[in-house]
Every structure is written in structure tokens, then in C-alpha cells.
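One structure is given here, and the rest of the page talks about it.
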Amino acid sequence: MAKTISYITGSELLSLKERANIAIVDVRDDERSYDGHMAGSLHFASDTFQDRIPNLVQAAKGKDTLVRGPKCARRFADYLAEAKESAGIKNIMVLERGYNGWEASGKPVCRCSGTTCKGGC
């Protein structure tokens, strides 16, 4: 059975992050994600997303919620349905207004120098 996809606001996501076992997935391209991303997010760029879904399933195993872009959310939900594998993922949510909306509303972001984030990101 296919997972349903719902939309969540930045404030709702911030509230969820405080109490849920959550995986946040950034699907922006590499260059844009280096400019800033949501702290603690997993990066699976949209241009290679389809090929990397099995890696995402492993990285997010046991997490309750994934937050991502709508097109990639649908691909991920379809993959889980076809593979008959849930990996413990109960919800797939899309962040309204994406990263730009998150940042514009003053929510916490991580800015990295170089191509690799270390430390608190």
C-alpha cells in the first residue's frame, strides 16, 4: 500500500523535530545545499535521487517522518510501495515553501564552508 504524502509548515516541522524520531531530506542540488541547509538533514540531490533511493531507505531506517520536495516524495513513496518495504517510515511529508521558506521564516540553518559539513550541522 502506497504511503500518503502530506504537507507541513516550518513551524510544525520545528515542533516535530523536538519530539519525533525524524529524518529530514534535502533534495536541492549540491551547490545550493552548500550555501545553507537545515541542520541535521540528509542530502540526496534530486538529479540523482531515483538511483539513490535504496541508500536513503538505509539512512532513514527507523525514522518516523521524511520531509522533502514533492516530486521526490512521490518517487520515494512509490519505491516503498513497489518494494513492499517501509523501513519503519510512517509518514512522508513535504515542507511548505521548502528550504527557502524555512530560512526566510528565521528557522535554524547550517552554513558550511567547503563541501563537507562538520560539527553542529
- prompt: How much accessible area does Tyr99 have with a 1.4 Å probe, in Å² rounded to the nearest 10?
  reply: 30
message: Tell me the net charge near Asn21. Cut-off is 13 Å between Cβ atoms, Asn21 excluded, with +1 for each Lys or Arg and -1 for each Asp or Glu.
response: +3
field: Out-of-range pairs (alpha-carbon distance over 18 Å; input Lys61/Lys107; Lys3/Lys71; Lys61/Lys90)
entry: Lys61/Lys107
query: Can you give the Kirkwood hydrodynamic radius for the stretch 1-109, in Å, rounded to one decimal and based on Cα pairs?
result: 13.9
task: Provide the solvent-accessible area of Lys71, counting protein heavy atoms only and rolling a 1.4 Å probe, rounded to the nearest 10 Å².
output: 140
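The values are calculated or read from the model by the stated rules, or taken from the named source; none is laboratory data. Please read these numbers as outputs of a predicted model, since none were measured by experiment. All Cβ positions, glycine included, derive from the backbone under ideal geometry; neighbour counts span all protein chains shown. The accessibility values were calculated without ligands, DNA or RNA, using every heavy atom of the protein model including side chains. Shrake-Rupley method; radii C 1.70, N 1.55, O 1.52, S 1.80 Å.
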